[in-house]
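The values are calculated or read from the model by the stated rules, or taken from the named source; none is laboratory data. Values in this document were obtained by computation on a predicted structure and should not be read as measured data. Every residue, glycine as well, gets a Cβ built from its backbone with ideal geometry; the counts of neighbours run over all protein chains shown. These accessible areas exclude ligands, DNA and RNA; they are computed on the full protein's heavy atoms, side chains included. Shrake-Rupley method; radii C 1.70, N 1.55, O 1.52, S 1.80 Å.
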Amino acid sequence: MSVLSRPEFHNEEAAYAYVEARVWANGRVCPHCGETERTSKMGGKSTRIGTYKCYSCRKPFTVKINTIFESSHVAMNLWLQAIYLMCASKKGISSNQLHRTLGVTLKTAWFMSHRIREAMRDDSLAGFGAGGGVVEVDETFIGREPGMVKKAAYHHKMKMLTLVDRATGRAKAIVVDDLKVATLLPIISENIAKEATIYTDEAKQYTRIGRVFAHHDFTTHKAGEYVRGDVHTNTVEGYFSIFKRGMKGVYQHCGKRHLHRYAAEFEFRYNNRIANGFNDDARVEFAIQSVVGKRLTYAQ
């Protein structure tokens, strides 16, 4: 039987029950006043699926309030299908494909995919390299920066800095405006422990940044050196390989104002992959547990 044959992907009531069990894992909570005891499910033919009444603030509520689902008219079972497809597709799934698969408009599919990426976004500091571990640091370039004239080098492209902790197998991807030391140093210092060893390429900005940490070494790509013992950035280059295949092959175009959400999507799947103990189902469950407090409006 196909995974997508499960009840929660076809029946809206089952879908609500599935989401409630994960968002309210410790018991139902009124999003208006925080009441946990005096609530009950509303009945009646005209009552919307999944609606509850709070007898403390006297307001109705559903599990959708204060989540990425809030104010959405899309059926919850279609939301679960979209989340599963985005979590299970290694290089992503385009809005056009979601539009055709789910039977919603292209505009709705595009908005849904951005809301799901918002749920995937993790703004916490990474804490990489704790205990003296190794962290690889590198940057990549993609697309074109708005208003920038196309040049032979990378200056006109959008820039993304990525850190990969070898010990935990986790990554942190941050969209940056430039590659100056003043821009990169605060980001790297916040996310990597001072006792860490960092490996980079020969880019000049990393020479100054490396002095902040216990140890810094690099390979010289211009001289054809990519590995010297344990010194390399091949892990983070592998991360970029998946990211660029998805961005160029599936999404094809992305403006800078949305790039941070696409970066969050690839970071989420990378950090919650099989090697880190997450299969597709576990990844979907984690995404649903992360929907609270991340409402995204169309204007945003």
Would you work out the relative contact order for the chain, in percent, from Cα pairs under 8 angstrom that are 6 or more residues apart? 21
For the pairs 41/91; 157/204; 59/172; 194/294; 59/294; 150/180, note any where the Cα-Cα span goes beyond 29 Å. 41/91; 59/172; 194/294
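In segment 164-266, which chymotrypsin sites (Phe, Trp or Tyr not before Pro) fall in coil by DSSP and have 14 or fewer other Cβ atoms within 10 Å?
Details: sites: 199, 206, 213, 218, 226, 239, 240, 243, 251, 262, 266; in loops: 213, 226.
Taking segment 164-266 and a limit of 14 other Cβ atoms within 10 Å, the loop chymotrypsin sites (Phe, Trp or Tyr not before Pro) found are 226.
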Take every DSSP beta bridge with both residues inside the chain and express the antiparallel ones as a percent of the total, to the nearest 5. 75
Neighbour cut-off at most 14 other Cβ (10 Å), DSSP loop, GluC sites (Glu not before Pro), segment 166-237: 195, 202, 225
Could you give the length gained by full extension between residue 1 and residue 208, i.e. 0.36 nm per residue of separation minus their alpha carbon distance, to one decimal place? 68.9 nm
The simple spin-label model distance between residue 226 and residue 254, using points 7 Å out along Cα→Cβ, in nm, is 2.3
Which order do the peptides 133-140, 7-14 come out in when sorted by mean C-beta neighbours inside 10 angstrom, highest first? 133-140, 7-14
Inter-centroid distance (Cα atoms) of segment 79-100 relative to segment 1-56, Å: 23
Applying a 4.7 angstrom Cβ cut-off across the chain, unpaired cysteine residues come out as 87, 254
Rounded percent of accessible protein surface that carbon and sulfur make up, segment 1-149, 1.4 Å probe: 50
Loop only by DSSP, 12 or fewer other Cβ within 10 Å of the Cβ. Give me the trypsin sites (Lys or Arg not before Pro) in segment 173-210 that pass, ordered by residue number. 180, 194
Mind giving me the nanometre distance, one decimal, between the label points for residue 88 and residue 48, set 7 Å out from Cα along Cα→Cβ? 2.8
Sum up the charges of everything whose Cβ sits under 10 Å from the Cβ of residue 60, counting Lys and Arg as +1 and Asp and Glu as -1, but leave residue 60 out. +4
At residue 32 and residue 241, where each label point lies 7 Å from the Cα along Cα→Cβ, what is the point-to-point distance in nanometres? 5.4
Value of Rg/Rh across segment 1-67 [Cα atoms, Kirkwood radius]: 1.02
Find the relative contact order for segment 155-273 and round it to a whole percent, using C-alpha pairs within less than 8 Å whose residues are 6+ positions apart. 24
P(r) tail fraction, segment 88-161 - alpha-carbon pairs more than 20 Å apart, %: 61
Segment 39-126 - Kirkwood radius from inverse mean 1/r over Cα pairs (Å): 14.9
